[in-house]
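Novice: There's a structure below that I have some questions on.
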Amino acid sequence: MKAIRFHEYGGPGVLRLDEVDLPTPDAGQVRVRVAATSFNGVDGNIRAGRMQGPMPMDLPHVPGLDVAGVVDALGEGVDTLRAGDAVIGFLPFGDDGATAEYVVVAADGLAPAPTTIPLGDAAALPVVGLTAWQALFEHADLRAGQRILVNGASGAVGGYAVQLAKAAGAHVIATAGPRTRGRVEKQGADVVIDHTAEDLPAAIHEPVDVLLNLAPITPEQLTALVAVVADGGVIVNTTVWMPAPSDEARGVRGIDLFVRSDATQLAGLAERVDRGELTVDIAERVPMTDLASVHARAERGALDGKVIVLPA
Ligand SMILES: NC(=O)c1ccc[n+]([C@@H]2O[C@H](COP(=O)([O-])OP(=O)(O)OC[C@H]3O[C@@H](n4cnc5c(N)ncnc54)[C@H](OP(=O)(O)O)[C@@H]3O)[C@@H](O)[C@H]2O)c1
């Protein structure tokens, strides 16, 4: 089968198309015929070798943490899935990923794919959808009536976070640039602050219960946002190269989020998509042979929204 792999860490040019053996599922695993994977920001750091500490892996490595596809072969003992089932999943860090025609995955890591959107588009859901869900409901314990500030709401995680927070009955304040404001409003934000034109702490007139930071701001900018969080509130930060600040005296907790795979949560997100409660936004669909150029554009800050990567 064909797969994109890197044999050494480096720039986008290390990503190359290889012919590799069709993988065979071990006990408890299935082989998935890949409909698509997606590009996540962390993929560039993995390829560049910046994640070798937390995510050790053998080279060559197939990137692609998200998968959407169809079960193609079953390993011994798998009785929860059948050949032909459409599935989605968040693949373990370090294992070969889904920028390939086929990938083997633990059966219990997969969830049924949504049925109301194209299967490949569902690859836009696992990593970023789970990040949004876990931030809001595992870490921040967001409840109806609370106020939340989503900083970086125009991105892939932010799009789901705004929709899920609104559906939970929260008052959602979001940041976006002039280009992405309309999308964030459509996703349900009650207030949108233009982060390119307004001073963020000053633009928040009433404290928020939850601050979800998704934006690549400086540690000083993140620390300045502690002031807008109410006593007893929580800051959840996904840009974990800087620690989440806190304010013990006021009971404001800071949480560094590390997303994890959870097939039950993922199935719940897919059901929300099928009920029309969660929209999956796709910016581009590209063949996997274009992956190096997607990585290069990401490094230049020239990607706008979620990119789906197809095996063809
Ligand atoms: N720790 C974890 O487990 C985990 C999991 C998933 C993601 N992440 C990280 O979380 C972050 C968000 O992920 P993502 O996939 O949503 O990334 P993304 O699509 O690149 O979104 C980030 C957004 O931040 C906005 N932004 C840039 N500068 C800003 C500023 N100064 N103020 C406010 N917003 C600003 C950008 O919007 P505009 O430039 O268009 O305004 C962009 O849409 C990334 O850093 C990602 O690596 C971490």
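Novice: For q values of 0.10 Å⁻¹, compute log₁₀ I(q)/I(0) with the Debye formula on a Cα-only model of the chain, without solvent.
Specialist: -0.56
Novice: Choose one answer from V87, V162, V208: the residue with the largest mean-square fluctuation in a GNM of the chain with alpha-carbon springs under 10 Å.
Specialist: Maximum among the listed residues: V208.
Novice: Here is a follow-up. Within the set of other residues whose C-beta is less than 15 Å from the C-beta of P12, count the net charge using Lys and Arg as +1 and Asp and Glu as -1. Could you put the intermediate results ahead of the total?
Specialist: Details: positive: R5, R16, R47, R50, R297, R300; negative: E8, D43, D290, E299.
Once positives and negatives cancel, what remains is +2.
Novice: Okay, next question. Would you calculate, for the chain, the mean residue ellipticity at 222 nm contributed by helices, counting each DSSP H stretch of 4 or more residues as -39,500 (n - 2.57) and dividing by all residues, to the nearest 500?
Specialist: Working: 8 runs with 65 residues, N = 312.
Here the helix-only value at 222 nm equals -5500 deg cm²/dmol.
Novice: Compute the distance in nm between two label points, each set 7 Å from the Cα along the Cα-to-Cβ direction, one at M1 and one at A312.
Specialist: About 1.8 nm, to one decimal.
Novice: Tell me which DSSP H helices of the chain clear both cut-offs, 15 Å or more of axial length from alpha-carbon atoms and a mean Kyte-Doolittle hydropathy of at least 0.5. Show your work: numbers first, answer last.
Specialist: Working: long enough: 156-167 (17 Å, 0.83); 263-274 (16 Å, 0.09).
Helices meeting the span and hydropathy rule in the chain are 156-167.
Novice: Ranking request for peptides 100-111, 122-133, 147-158, 271-282: highest mean number of other beta-carbon atoms within 10 Å first, then the rest in descending order. Walk me through the numbers before you get to the answer.
Specialist: Numbers: 100-111: 22.6, 122-133: 27.6, 147-158: 26.0, 271-282: 15.9.
Peptide ranking by packing, descending: 122-133, 147-158, 100-111, 271-282.
Novice: Computed FRET efficiency, Cβ-Cβ of A227 and Q52, R0 35 Å: what is it to the nearest 0.05?
Specialist: 0.45
Novice: Given 0.36 nm per residue, what is the gain on full extension from A283 to F137 after removing their alpha carbon distance, in nm?
Specialist: 49.9 nm
Novice: Determine the distance separating the Cα centre of the stretch 1-53 from the Cα centre of the stretch 134-183; give it in Å without decimals.
Specialist: 31 Å
Novice: A further question on this structure: Based on the mean of other beta carbon atoms within 10 Å per residue, what is the order of 168-177, 34-43, most packed first? Write down the numbers at each step before the final one.
Specialist: On the way: 168-177: 22.1, 34-43: 25.2.
The peptides rank, most packed first, as 34-43, 168-177.
Novice: At a 10 Å Cβ-Cβ cut-off, how would you order F137, F258, fewest neighbours first?
Specialist: Values: F137 15, F258 11.
In increasing order of surrounding Cβ atoms, one gets F258, F137.
No lab work stands behind these numbers, since they all come straight from the coordinates. Computed from a prediction, not measured in an experiment: that's the story for all the values here. Backbone-built Cβ (ideal geometry, glycine too); neighbour counts: all protein chains shown.
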